[in-house]
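Okay, so here's the structure we're looking at.
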Amino acid sequence: MNRAGLPHPPGARQAVTALHRADGARAMAALLDGPEPPDAVFAFSDELALGALHVAHARGVRVPGELAIVGFDDIEDGRYSHPPLTTVAPDKHQIAQRSLQCLADRLHSPGNTVPPQELTVPHRLVRRATA
């Protein structure tokens with residue numbers, strides 16, 4: 001939203017302390033109870049998105065009719081949720097390879113002086129029924 005120059009609506013962000021379905025459910029409940037309930041949610045993980053989907057269903061919010069939900073990870077459970085979860089599927093092999101390379105670089109660097117890096121791996125949007 002920042003890059004697009006769009007303002008963040010009040011209550012648009014919900015912090016979570018863990019990445020479990022219960023945390024996604026609590027965050028979704030807070031969003032729905034807020035001053036401007038969302039019409040779309042992007043969750044940090046599919047687990048959070050599945051918790052959000054559960055609360056939306058329990059409250060009678062139609063997904064995708066009234067609310068779009070997108071997760072991140074492409075876990076198997078998302079394929080079998082009702083409705084099936086739209087998600088961002090990262091290249092997990094690349095994540096593992098690059099993580100191990102960063103660790104090796106740090107371990108072999110004199111004094112562990114490798115500067116922080118921002119890495120981007122290939123990913124794709126897997127369109128299912130929640131968005």
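The values are calculated or read from the model by the stated rules, or taken from the named source; none is laboratory data. Given the structure is predicted, the values throughout are model-derived calculations rather than measurements. Heads up, the Cβs are rebuilt from the backbone with ideal geometry, glycines too, and the neighbour counts pull from every protein chain shown. With ligands, DNA and RNA removed, areas are computed over all heavy atoms of the protein, side chains included. Shrake-Rupley method; radii C 1.70, N 1.55, O 1.52, S 1.80 Å.
Out of all the residues in the stretch 19-32, which are open to solvent by 60 Å² or more (accessible area, probe 1.4 Å) and at pLDDT 95 or above?
Filtering the stretch 19-32 down to residues open to solvent by 60 Å² or more (accessible area, probe 1.4 Å) leaves 19-21, 26.
Listed by number, the residues that qualify are H20, R21, R26.
Out of the residues in the stretch 1-13 that are among the aliphatic types (A, V, I, L, M) and open to solvent by 70 Å² or more (accessible area, probe 1.4 Å), which is modelled with the lowest pLDDT? If we take residues in the stretch 1-13 being among the aliphatic types (A, V, I, L, M) and open to solvent by 70 Å² or more (accessible area, probe 1.4 Å), then M1 is modelled with the lowest pLDDT.
Checking each residue in the stretch 102-131 for being modelled with pLDDT of 95 or more and open to solvent by 90 Å² or more (accessible area, probe 1.4 Å) picks out H123, R124, R127. When the stretch 98-131 is filtered for residues that are β-branched (V, I, T) and over 30 Å from L50 (Cβ atoms), the ones remaining, listed by number, are T113, V114.
From the list V16, V70, exactly one residue is open to solvent by 30 Å² or more (accessible area, probe 1.4 Å) and touching a helix residue (DSSP H, G or I) at 6+ places or on another chain (Cβ under 8 Å). Which is it?
V16
Looking across V70, V55, V63, one residue alone is more than 20 Å from H123 (Cβ to Cβ) and touching a residue at least 40 places away in the same chain (Cβ under 8 Å). It is V63.
Applying the condition of being of a type outside the set (A, V, I, L, M, F, W, C) and open to solvent by less than 70 Å² (accessible area, probe 1.4 Å) to the stretch 41-67 and asking which residue is nearest to M1 (Cα to Cα) yields S45.
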